[in-house]
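To start, the structure under review is shown below, and the notes come after it.
The values are calculated or read from the model by the stated rules, or taken from the named source; none is laboratory data. Model, not experiment: these values are computed from the prediction. Cβ placement follows ideal geometry from the backbone for every residue including glycine, while neighbour counts extend to all protein chains displayed. Heavy atoms of the whole protein, side chains included, go into the accessibility calculation; ligands, DNA and RNA do not. Shrake-Rupley method; radii C 1.70, N 1.55, O 1.52, S 1.80 Å.
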Amino acid sequence: MFSKRTTWNLTGNAWAALAARKRAAGTSLLDLTESNPTRCGFDYRDAGLDALADPAAVQYRPAPRGLPDARAAVAAYYATHGLAVDPESVILTASTSEGYSYLFKLLADPGDDVLAPLPSYPLFEYLAQLDGVRLAPYPLRYDGAWFIDFPALEAAITPRTRAVIVVHPNNPTGAFLKQDELARLVVICRAHDLALICDEVFLDYAYGPDPARAPSLVAGGEVLTCTLSGLSKLAGLPQVKLSWIVLTGPPALQAAALARAEVIADTYLSVSTPVQLALPALLGNGAALRARIQARITANRRALDAALAGDLPLRALPAEGGWYATVQVPAILSEEAWALALLTEDDLLVHPGYFFDFPFGCLLVLSLLPPPDVFAAGVARLMRRVAAVSAAEDR
């Protein structure tokens, strides 16, 4: 009696089950998987949340694309990056997940393909399946830095392919799209009549400048480009539920996309009035919280690199930005076995790399958001466990 779209294996894995048992038993866990900034000790007193109590919110004024002042606030945010965005090209959504759903409905029929990178965040497969779209992977390769495998991407294109997803920077590798990669993607999309979907939720969390890095894709105009971002990462506010799509491209194609996307948005009208009215304040105040998050992840990344600079068989893969670090551990255990051992013996939560479909190595993924003392203690436990297991292997 249920839709095939929800035919998922709902059996919990051993790692999640063990974590639940430990928490139920009252065990204090060091959590290096935490990616919710509201649980990481940041000061939210100046986040602008008071603006959600605007008395004007008692009046409902449905606007499919979003209220004009809210869309203007999104354009003003991009203006601080030196990018001109027409507020009319902005469509507000309740989340980037909803934004993906809108785009899958806009661009694809049931059974059509959308290309997505691997490794990447595992949510894409669920979102695509819920809209009846087939997610076709294309690989990112690593040779000391991450890059798109363009021959594999082009080989994955079929007559039913409708769009290519890029994540800028990628989650969890932290690799930004480069200008030469963007130029090649545009050529491919134009040749195959594909849209380009760009997820930029971590765009403002670069560890440093890079002249080779592509700018925000809201500046694009040669192919239909759908750029996603929102308050969850940009302002550290996942709880207020507001994101957006910026649709750009050749004028006639952009106009047709906006008209169709407006009908989709009008069908749902999911974005609340209070958060739309508050958006100028939330985006304006978000810069201060974003700076605190940036300082935290930068400090934790530096501490990780310093801690792993010794002789242990551990190394953090290079990254350019984002909230995660990827650590290569000895392949004497599987990724799952490492994660289970750390949880069992050290009360430490880390993600095994296979959660993100890494194509090689024995990898663990750590969040850089926890407070520095928590992060340092977790890294120390990881190092001790690797040293103990490696010593036992050598005996």
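A compact table of results
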item: Overall form of the stretch 182-244 per C-alpha gyration tensor (a/c, 1.5; a/b vs b/c); result: oblate
item: Whole-number accessible area per residue in Å² for the chain, which is evaluated in the context of all protein chains at 1.4 Å; result: 43
item: Cα gyration tensor category, rounded, prolate or oblate, for the stretch 129-272 with a/c compared to 1.5; result: oblate
item: With Cα atoms, 0 to 90° folded angle of helix 335-346 axis to the chain main axis; result: 60
item: Between helix 14-24 and the chain: long-axis angle, C-alpha atoms, 0 to 90°, nearest 10; result: 80
item: Degrees separating the helix 96-107 axis from the principal Cα axis of the chain, which is the longest one; result: 50
item: Contour minus Cα-Cα distance for Ala212 and Asp86 (0.36 nm per residue); result: 42.8 nm
item: Under 29 Å between alpha carbons - lysine pairs in the chain that sit 8 or more apart or on different chains; result: 7
item: In the stretch 41-125, trypsin sites (Lys or Arg not before Pro) in a DSSP loop with at most 16 other beta-carbon atoms within 10 Å; result: Arg45
item: Accessible area of Asp69 in the full protein assembly, 1.4 Å probe (Å², nearest 10); result: 120
item: Under Karplus coefficients 6.51, -1.76 and 1.60, residue-wise ³J(HN,Hα) of the stretch 170-185 in Hz, glycine/proline x; result: 5, 10, x, 5, x, 8, 7, 5, 9, 4, 5, 5, 4, 4, 5, 4
item: Low-density loop cleavage sites - trypsin sites (Lys or Arg not before Pro) in the stretch 126-227, where at most 15 other Cβ are within 10 Å (DSSP); result: Arg160
item: Sites Gln239 and Ala72, calculated FRET efficiency, Cβ-Cβ separation with R0 35 Å, nearest 0.05; result: 0.90
item: Dmax and Rg, reported as Rg then Dmax, of the stretch 314-395 (C-alpha, Å); result: 12.3, 39
item: For the stretch 141-266: relative contact order, % (alpha-carbon pairs under 8 angstrom, 6 or more apart); result: 19
item: Compactness index (Cα Rg / 2.2 N^0.38 Å), the stretch 226-352; result: 1.53
item: Listed residues Leu242, Leu253, Leu368, most fluctuating in the chain (Gaussian network, C-alpha, under 10 Å); result: Leu253
item: Max mean-square fluctuation residue, GNM over the chain, Cα-Cα springs under 10 Å, options Pro215, Pro169, Pro370; result: Pro215
item: Calculated FRET value between Ala380 and Ala152, using beta carbons and R₀ = 56 Å, to 0.05; result: 0.90
item: Stretch gain in nm, segment Arg260-Ala53, where the contour uses 0.36 nm per residue and the Cα spacing is subtracted; result: 71.3 nm
item: Euclidean distance of C-alpha centroids, the stretch 200-272 and the stretch 327-395, integer Å; result: 35
item: FRET efficiency, Ala341 to Arg160 (Cβ-Cβ, R0 30 Å, nearest 0.05); result: 0.10
item: Accessible area of the chain belonging to carbon and sulfur atoms, whole % at 1.4 Å probe; result: 57
item: Contour minus Cα-Cα distance for Gln294 and Arg21 (0.36 nm per residue); result: 94.9 nm
